[in-house]
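Structure first, then comments.
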Ligand SMILES: Cc1cc2nc3c(=O)[nH]c(=O)nc-3n(C[C@H](O)[C@H](O)[C@H](O)COP(=O)(O)OP(=O)(O)OC[C@H]3O[C@@H](n4cnc5c(N)ncnc54)[C@H](O)[C@@H]3O)c2cc1C
Ligand SMILES: Cc1cc2nc3c(=O)[nH]c(=O)nc-3n(C[C@H](O)[C@H](O)[C@H](O)COP(=O)(O)OP(=O)(O)OC[C@H]3O[C@@H](n4cnc5c(N)ncnc54)[C@H](O)[C@@H]3O)c2cc1C
Ligand SMILES: Cc1cc2nc3c(=O)[nH]c(=O)nc-3n(C[C@H](O)[C@H](O)[C@H](O)COP(=O)(O)O)c2cc1C
Ligand SMILES: Cc1cc2nc3c(=O)[nH]c(=O)nc-3n(C[C@H](O)[C@H](O)[C@H](O)COP(=O)(O)O)c2cc1C
Ligand code: FES
Ligand code: FES
């Protein structure tokens, strides 16, 4: 199937917190094969801004996808003024999402073999957006496999500057939600790493999305504790589909003689294993 | 009084002929001192087009001005999509309009002294737009001075490619309307010069606006017949208010030793006397 | 916008073909180096619709490129400081070229190097491969050594052209930088030394500072400016170079539409490349080809030469 | 957008002043040459609000400029080929200068010429007048003789700077062209010969073809590209020149907002000029000054030097 840029219809575009919006977009071709951790390119109307804005797919319901975005500049500022009923130019789904196969790979027939008992979704700031979709997806998988909570628990560990977002969504799909805020207004005063420490959380598998310093600290912790970790990275993009080599990150090389190579976040990622990433780039 | 760029309200924006629109704009500060032959700068929304679009003020009613424009490119294309109720950024009135003082200068107290018995308004294509306002203005002046048609007649001599515009407006304000079309669909098949010839029209004073070749031929004719002529010129503009010296035309010099000088259409014009203009520039 | 126009449909009336350095392109639209990837661009459109593909720069050995951020957006344009990251010519021949050859289009390989010797090693390896033309990038502003200096000095441009021409049988096109006082000097030097064509322009050297973060947006500080904002400079240079040399010109810089492509042809280009537009709209190269066809039909041009001859 | 901020209101906390070549401007915002006219710009705002006005180019004798069309619009920019039409220095001194002097702002007179002798005659006449600084335009791309060649060659730039410095007591600022391979060479030559400052950039040489009318849009074919589309080139050059010379820099090229002005200051400019923006919005110079004040307040800068020192 060819990838495409489509004219999608805006269903909803609502402020859900200070400077943060949820946009629901009817986009059958995007929704068809979207998976948690993938993103779409949004092409703006103001033609002085040429480059598409990459935004993670937060959730998918039938042929509607939802996007959670923060006003970070002129482009996202433009988005926030779009009205329901108006068209928006977006791409079909881009990048590689989170790999749930890796979690479930030994459990296909007999869930007693399942080694992963607790999955942690670790999110910081806007990084929580794709984790909501992931939580939903895991819940569906649990149902499909008739897993009980004894077989598999999903916990969300999320941190914010001040105002938490998407709490209801996490609460519906997760067994526990742990919150930290820098301001201390909700949950623990501090960050998600301190939260994990303080609550003594011991997940068997982690998925994470958020600011790079958070991801780096978490990767370090997971490596030491031997916990598999998938992270979704962010980088400034040109094309968002692999043509410009603008958006690279450094990944440990598998071949001999080479220490590391630069891979494209947009097409090789944005999701990588935490222990593949060279964090001190 | 400072000149200004104002946010005006669109009252009407209607197609009046193929590719031609009338926009009525509520703009008290522009309307306040607008005179026939002046123009406004329209500042576009699409910011890849930086330069204002100059459009003649066609008519003024109270605090509303009307603009008649043709879709000539992207900028006027954008204008044609504006909706009533929306704002439009325009300037207060710019340039020097037609000088009626010159016509009435010897008639102030006693209209028997009036040497001008027939005023012709000669328009080609979009050039008819400002002449409508002028016709209205002359009618008002006639009333003010209680001139009868014996004292002063106003005739419109207008030419078009195919479809005449603003005919009702001319008919209300003028004693006669003569029409030529290149296609022959209405009136004489030909141009306004041929129309003047054919109908044997002998005005005492002319005001004209239209394509340069028409103005040039008319200026030639008026000079030979010793008929005063005011023409409104067009030139590609940068600023529209006299800062960039982009929009010049060549005007015969009054000083000795210099043949001609370049003057700014936007601030020294757009209206000049036909015999001042160096037509073969 | 016209979509999916079948080339054949118009063959009877329209001839879009152009011969560049002895190689016939079925239409004049190519991809600009560094803005195209067979696998990823091919996910959006059928690459066989293009006159040729121009690959991203390949070098003798793998290049790592610059750290990120590598991309910044500007008013009607963008800056990049990718720094010519590429896996090296051998990897290119093994992994990328077979895929490119699977399409029905010509293959032009963009070559970069830090020394004349680098360039020579790369072109020698490519000369025996099933490629059509080599485009020698002597103009990239994003690497510290070499690169820019070759394209900014007529003597260096002459020398590198001469050395490469001595080594290879395949036609070579020199890709010129606009960051020079007189681009016709460089073009003439390349022509004199036997270059089979020139392509212009590469990016203008630019910079953007984030006044809130108080640092340049790009890690590399400066980067190459591309996109519609630079088109007037590109058109001027194509016009000047057309009047200075007789070899074919591939024109590029800010082409966003079929009319833009026609503007380059009128200025004197033989073919065109689409760069930044393909980042702004992944299907741009094909859309622009189709818009050019529509332009030719509306204005009754039968072939490209008629457009090139049209300028008064 | 903040309007009508009274300079005095902020004097207690904010110091906007800057000293250029021994002349103190009360704020760093000036008008770019060729985009300002005292009478006409003064119809839109109070000229006394600006740090200085820079006049359009004046020459020894009246210049007629180029035929029209002189203006073309481009993507995020514009081309002009006014060709330095002006009534000559004597007319300027008689008719324009008295009006300029009636405002409470510094007067910088832009000077153009076709030969060194032309420049010399003009600056001598201006040197005894009540002006503050002369800006020597050695960079206009719109005239056939002289002009561009002075600014494109370090030797010529040195020579003209030397000759003018010998003649005048007033400070001189050399206005540089971006159409060169290495602008720091020109800046260094000017500094070496005693220039009191440099201003950059003038316009990039560009061209636009009307593909429907099949001819260049400008009568003069090529013209100078200005506006926000060229800002990245201007920022890069100011950044480079700041690190090459010690004399003051007036930075310009595409400044549309107060943040753009701050970007030039961070890149190393001492003051800024607003050109094309004033055509797009007649009140731009004052608006930009007010936006710069707002930027300084929000980011707690107390003076311009703090902005200039901010870049990491
Ligand atoms: C894979 C991916 C997924 C993302 N998902 C989300 C999401 O779900 N919700 C959300 O709020 N934000 C998300 N972002 C960040 C979002 O793309 C930027 O905030 C947005 O592009 C800023 O655009 P702007 O015009 O408002 O800001 P400006 O700062 O004015 O943007 C200027 C330029 O910088 C680029 N840019 C700025 N910040 C970033 C950034 N952090 N990452 C990449 N490019 C950037 C823009 O694309 C643009 O080219 C994601 C980024 C990536 C790479
Ligand atoms: C004093 C004056 C009064 C005018 N009054 C009217 C009027 O009442 N009704 C009307 O329909 N048109 C009028 N015009 C012409 C109108 O300004 C142009 O048609 C319009 O600017 C075209 O803009 P565009 O973006 O649609 O076309 P484009 O061709 O895409 O414009 C591109 C550029 O060329 C300039 N341009 C193009 N044509 C002209 C032109 N003829 N004159 C000046 N600049 C031009 C535009 O301003 C713009 O900068 C007038 C022009 C002038 C100078
Ligand atoms: C992201 C990016 C990468 C580029 N990489 C190369 C390259 O590897 N070799 C080269 O010759 N030009 C390279 N260029 C320059 C383009 O090929 C082209 O000359 C320039 O971008 C102007 O065209 P445009 O405005 O259509 O993009 C690159 C441009 C961009 C935007
Ligand atoms: C219409 C116009 C006329 C100009 N005339 C002059 C001039 O007389 N002397 C000069 O040194 N620069 C002249 N310039 C160049 C500007 O002063 C300025 O260097 C350039 O436009 C870049 O700044 P901007 O992008 O803010 O316009 C002119 C620019 C424009 C647009
Ligand atoms: S953004 Fe272009 S390759 Fe990733
Ligand atoms: S348009 Fe700028 S002076 Fe007339």
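Read the figures in this text as sums done on the coordinates, not as results from a lab. Because the structure is a prediction, the values reported are computed rather than measured. When we count neighbours, we look across all protein chains shown, and the Cβ atoms used for this are built from the backbone with ideal geometry, even at glycine.
Observations, loosely collected:
- The stretch B:140-208-the stretch C:241-263 distance, computed between alpha-carbon centres (Å): 49 Å
- Of all DSSP beta bridges in the stretch C:5-308, antiparallel share, percent nearest 5: 40 percent
- Using alpha-carbon coordinates, inclination of helix A:212-225 to the longest axis of chain A, degrees: 20 degrees
- Residues B:89, B:198, sorted so that the one with the fewest Cβ neighbours within 10 Å comes first: B:198, B:89
- Along its principal axes, the stretch B:5-91 has C-alpha extents of 30, 28, 25 angstrom, given from the largest down.
- Counting DSSP beta bridges with both ends in chain B, the antiparallel % (nearest 5): 60 percent
- Label 7 Å beyond Cα on the Cβ vector: residue A:140 copy-to-copy distances, nm: 6.9
- As a length-normalised measure over Cα pairs under 8 Å and 6 or more apart, the relative contact order of chain B settles at 16 percent.
- Sequence of D:266, A:214 once ranked by neighbouring C-beta atoms within 10 Å, starting from the fewest: A:214, D:266
- Between copies, the label points at residue D:155 (set 7 angstrom from Cα along Cα-to-Cβ) are spaced 1.4 nm, reported in nanometres from shortest to longest.
- Shielding by partners - mean other protein chain Cβ count within 10 Å, residues of C:62-74: 6
- Summary value for the stretch D:83-240: 18 percent relative contact order, contacts being C-alpha pairs under 8 angstrom separated by 6+ residues.
- Whole-number percent relative contact order across chain C, with pairs defined as alpha carbons under 8 Å at least 6 apart: 20 percent
- Per-peptide packing, taken as the mean over residues of other Cβ atoms within 10 Å, places C:239-246, D:35-42 in the sequence D:35-42, C:239-246 from highest down.
- Cα shape, chain A, gyration tensor, a/c 1.5 rule: rounded
- For the stretch D:48-108 versus the stretch A:222-255, the gap between their alpha-carbon centres in whole angstrom: 54 Å
- Exposure proxy order (Cβ contacts within 10 Å, fewest to most) of C:265, A:218, C:176: A:218, C:176, C:265
- Per-selection metrics, the stretch C:5-308 (Cα): Rg and Dmax in Å: 18.0, 59
- Averaged over peptide B:41-48, the number of partner chain Cβ atoms lying within 10 Å of each residue's Cβ comes to 4.
- Centre separation in Å (Cα based) which lies between the stretch D:109-132 and the stretch D:149-220: 16 Å
- Note on the protein assembly as shown: Kirkwood hydrodynamic radius from all Cα pairs is 32.9 Å, rounded to one decimal.
- Degrees, to the nearest 10: B:128-144 long Cα axis against longest axis of chain B: 60 degrees
- Peptide C:32-42, shielding by other chains (average Cβ, 10 Å cutoff): 4
- Whole-number D in µm²/s for the stretch C:159-279 (Stokes-Einstein; Kirkwood sum over Cα pairs; 20 °C, 1.002 mPa s): 140 µm²/s
- Inter-copy label distances at residue D:24, using a point 7 Å along Cα-to-Cβ, come to 7.7 nm with the shortest given first.
- Share antiparallel - DSSP beta bridges, the stretch D:13-121, percent rounded to 5: 60 percent
- For the rotational copy pair A/B, the chain A residue whose Cβ lies nearest the symmetry axis, together with its distance in Å, is A:48, 3.
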